[in-house]
Amino acid sequence: MLVRDHAQERVILLRGLNRSARSLRRLKAALVAAGFGADTWSYPSRRDSIQDLVGRFRQFLQASGEQRTVHIVTHLLGGLLARGALVAPVPVRVGRIVMIAPPNQGVVLGDLVLKIPGLVLAYGKPLHDLSGSNGYLRTLPTPDAEIGVIAGTRPFHLFTPTSYVSTLLRRRVVHDGAVALDQARLPGMRDFITVARSHSFIRDDGHVAHAVVNFLREGSFSGMGKAKRV
């Protein structure tokens with residue numbers, strides 16, 4: 001990978017629901033190798049509502065005093081936190097944003113996620129906000145920035161609990177085991193690609209890392225090999 005000097009740019013990575021900072025270690029390593037300064041912001045993903053987490057992330061950005069351009073790369077739930085935190089007046093100078101498997105329009109199971117034994121216990125409060133009837137998602141704006149979205153198309157994975165039910169009940173919908181293709185889309189996004197990976201582990205794909213670096217550099221996913229532009 002070509003290393004370029006991005007010393008005046010910072011990348012903040014936002015992990016997904018029920019994940020640790022280690023879940024983004026490969027993606028972070030790819031960004032560092034590309035010359036970016038990259039840090040992962042950690043948060044109590046199961047304990048608080050999405051709205052509360054949005055407030056936490058905005059406070060973090062405000063307190064950072066960051067003068068450099070800040071790019072944001074998100075996985076899963078992190079995309080919603082970025083959308084909510086970057087309302088005007090924006091607390092930092094935002095560069096580009098890449099969202100990986102974001103539930104921008106909710107999750108493929110909708111309200112069913114609240115009726116499946118064990119899921120609420122496993123994923124915590126944010127699961128209520130991701131259900132089909134919750135109105136909070138509709139209030140989240142699209143940040144005033146260049147945004148690229150990467151969505152997965154592999155519906156089942158042994159270690160993705162929601163994929164067991166999603167695969168059975170949403171056979172005619174293209175999804176990654178948790179989020180449908182159309183649910184990942186965001187009005188105003190600059191580019192959109194898909195990769196044949198599942199919801200939870202799409203972040204470890206080498207093509208995804210390449211795509212993220214390419215978008216942060218160029219504002220486009222063009223020339224991404226196995227990734228598909230839709």
- Task: Please verify whether segment 22-33 includes one or more residues that are in contact with an Asp or Glu (Cβ under 8 Å, 6 or more places away or on another chain) and polar (S, T, N, Q).
- Result: no
- Note on the structure: Selection over segment 166-212 where residues are more than 28 Å from Gly95 (Cα to Cα), in a helix (DSSP H, G or I), without any contact (Cβ under 8 Å) to a residue 60 or more places away in the chain and among the hydrophobic types (A, V, I, L, M, F, W, C) yields a count of 1
- Item | Residues satisfying the stated conditions in segment 43-71, i.e. farther than 23 Å from Arg93 by Cβ and either of a type in the set (S, T, N, Q) or in a loop (DSSP other than H, G, I, E, B) (or both) | Pro44, Ser45, Arg46, Arg47, Asp48, Ser49, Gln51
- The one condition Leu216 fails out of (1) part of a helix (DSSP H, G or I); (2) touching a residue at least 24 places away in the same chain (Cβ under 8 Å); (3) surrounded by fewer than 23 Cβ atoms within 10 Å (Cβ to Cβ) is (3)
- Item | Close pairs from segment 76-87: first within 15 Å of Gln59 (Cα to Cα) and modelled with pLDDT of 95 or more, partner part of a helix (DSSP H, G or I) and among the polar types (S, T, N, Q), Cβ under 9 Å, at least 6 apart | Gly84/Gln51; Gly84/Thr139; Ala85/Gln59
- A careful count of residues in segment 75-91 that are closer than 19 Å to Thr139 by Cα and touching a strand residue (DSSP E or B) at 6+ places or on another chain (Cβ under 7 Å) gives 5
- Item | Residue that is modelled with the highest pLDDT [pool: residues in segment 5-19 that are assigned to a loop (DSSP other than H, G, I, E, B) and surrounded by 12 or more Cβ atoms within 10 Å (Cβ to Cβ)] | Arg15
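The values are calculated or read from the model by the stated rules, or taken from the named source; none is laboratory data. Everything quoted here is computed from the prediction, not taken from an experiment. Cβ coordinates were reconstructed from backbone atoms using ideal geometry, including for glycine residues, and neighbour counts include every protein chain displayed.
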